[in-house]
Amino acid sequence: MSADLPEYYFRIRENGAAVYRVDTENRQRRIEMDQIAAINVKNGKINAHGDRTLSDEDLAVIKSWMEDRIAHLARRDIEDIHRTVDHLNLTAQWAQTRASDDDLEEVTDKLLLAMHDLRTVLVRKKADRLLKDAPAPERNAAE
């Protein structure tokens, strides 16, 4: 079993992870996890735990994990958005076919405000992209 364990373990936290070095080479042959660092993927900070000094190998493994984690979170974000589109479609179908008047009364204002807010942001961002991609004369006329 110990041969299959990684040398490092990352315990996920809200904005990053606690990093542990995994040790099975001890007298009792038990798995020991020694925290070596705390990392924040939002700001890229790596803080050694206590008075430790992280080795070049430690830093390389941590930075590689952070890159993988950031990519994973970005993929998760876009997957969540695709699921939201599905939910909006399912919500429209529900509202049209199964929702009672009481159900609709409960959610209509919240949905309309959320959809208005989303639409406002999407339209503004789309306009910004179109202006950025427009040839210079059109950009000057729009300003």
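The values are calculated or read from the model by the stated rules, or taken from the named source; none is laboratory data. Keep in mind the model is a prediction, meaning the values are calculated, not measured. Cβ coordinates were reconstructed from backbone atoms using ideal geometry, including for glycine residues, and neighbour counts include every protein chain displayed.
Points to keep in mind about this one:
- Hey, Ala99 of a type in the set (Gly, Ala, Ser) and in contact with a Leu (Cβ under 7 Å, 6 or more places away or on another chain) or not: no
- Considering segment 13-30, the residues that are modelled with pLDDT of 90 or more and part of a loop (DSSP other than H, G, I, E, B) include one that is surrounded by the most Cβ atoms within 10 Å (Cβ to Cβ), namely Asn15.
- Residue satisfying condition, being without any contact (Cβ under 8 Å) to a residue 40 or more places away in the chain and surrounded by 10 or more Cβ atoms within 10 Å (Cβ to Cβ), within set Lys110, Lys132, Lys126: Lys126
- Here Gly50 fulfils each of the conditions (1) at pLDDT below 95; (2) surrounded by 14 or more Cβ atoms within 10 Å (Cβ to Cβ); (3) not aliphatic (A, V, I, L, M) apart from (2).
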